[in-house]
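I have placed the structure first, in the form of structure tokens, so that the comments after it can refer back to it.
The values are calculated or read from the model by the stated rules, or taken from the named source; none is laboratory data. Note that the structure is a prediction, hence the values are computed from the model and not measured. Cβ: placed from backbone, ideal geometry, glycine included. Neighbour counts: every protein chain shown. Just so you know, the surface numbers come from the protein's heavy atoms only, side chains and all, with ligands and any DNA or RNA stripped out. Shrake-Rupley method; radii C 1.70, N 1.55, O 1.52, S 1.80 Å.
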Amino acid sequence: MEYTKDLSIVISLYNEEESLRELVKWIESVMVKEGYTYEIIMVDDGSRDGSWKIVKELSSKNQNIRGISFRRNYGKSAALYCGFEAAVGEVVFTMDADLQDSPDEIPSMYRMVTEEGYDLVSGWKRKRYDPLGKRLPSKFFNWTARTVSGIKLHDFNCGLKCYRKSVVKSIEVYGEMHRYIPIL
Ligand code: UDP
Ligand code: MG
């Protein structure tokens with residue numbers, strides 16, 4: 001029988017030593033509460049701070065946590081792609097490491113895939129805490145992506161998304177392509 005879990009959570013991280021422990025603790029509490037079988041795949045995209053040391057520490061304490069380490073910074077798309085390749089979950093989540101995405105959203109998104117038949121569910125940073133210098137380009141990007149693709153999604157850039165396994169196993173992303181996965 002094929003080795004599988006209910007869900008995989010792929011986290012690409014670059015210099016995120018400050019948030020990793022809290023993020024993992026939060027995810028673990030949601031997983032335990034919901035009774036999911038799960039894995040957390042933490043892809044260190046060439047961090048220069050203590051992130052990798054923390055990933056190793058976290059994975060030694062919880063066998064559901066796996067770490068992948070890049071020798072240099074290849075970018076978020078490469079990190080997610082590598083995580084997708086490794087993932088065994090029936091539903092695969094992506095999540096940013098900087099605590100801007102809430103693990104509390106996982107159960108309802110999971111059910112949209114397993115019970116309501118969606119192939120992809122995307123989060124939406126409705127209230128953004130980023131500076132205007134980030135929000136404006138993001139608004140422009142989303143408008144353009146919606147117009148060109150015809151896909152009516154509020155927030156292509158939101159790091160919190162989930163996919164049916166067959167979706168992530170059929171796409172290849174690199175460069176800045178993580179922003180376009182819904183279109184792919
Ligand atoms: N990240 C990464 N490689 C990079 C840059 C960022 O893996 O070269 C990670 C980062 O640690 C975070 C996620 O990608 O977990 C989103 O990054 P960021 O918060 O900078 O993006 P934004 O929130 O502005 O979309
Ligand atoms: Mg962020």
Would a scan of the stretch 2-15 turn up a residue that is over 19 Å from residue 109 (Cβ atoms) and modelled with pLDDT under 95?
-> yes
Within the stretch 35-75, restricting attention to residues that are under 20 Å from residue 6 (Cβ atoms) and over 18 Å from the mean Cα position of the chain (by Cα), which residue is surrounded by the most Cβ atoms within 10 Å (Cβ to Cβ)?
-> 62
Give 24, 10 a once-over and let me know the one that is outside any helix (DSSP H, G or I), surrounded by 15 or more Cβ atoms within 10 Å (Cβ to Cβ) and β-branched (Val, Ile, Thr).
-> 10
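Within the stretch 75-101, count every residue that is away from ligand 2 (no atom under 12 Å from the Cβ) and under 19 Å from residue 179 (Cβ atoms).
12
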The correct count of residues that are in a strand (DSSP E or B), of a type in the set (Ser, Thr, Tyr) and within 16 Å of ligand 1 (Cβ to nearest atom) in the stretch 33-76 is 1
Which one is most open to solvent (accessible area, probe 1.4 Å) among residues in the stretch 79-115 that are in contact (Cβ under 8 Å) with a residue 12 or more places away in the chain, small (Gly, Ala, Ser) and farther than 18 Å from residue 21 by Cβ?
-> 86
So which of 2, 16 is away from ligand 1 (no atom under 16 Å from the Cβ), assigned to a loop (DSSP other than H, G, I, E, B) and either open to solvent by 70 Å² or more (accessible area, probe 1.4 Å) or acidic (Asp, Glu) (or both)?
-> 2
Sole residue being under 17 Å from residue 13 (Cα atoms), more than 10 Å from ligand 1 (Cβ to nearest atom) and either free of Cβ contacts under 8 Å to residues at least 60 places away in the same chain or buried (at least 18 other Cβ atoms within 10 Å of the Cβ) (or both), chosen from 184, 160 = 160
Residue, farthest from ligand 2 (Cβ to nearest atom), within the stretch 17-28, restricted to residues that are of a type outside the set (Val, Ile, Thr) and under 14 Å from the mean Cα position of the chain (by Cα) = 20
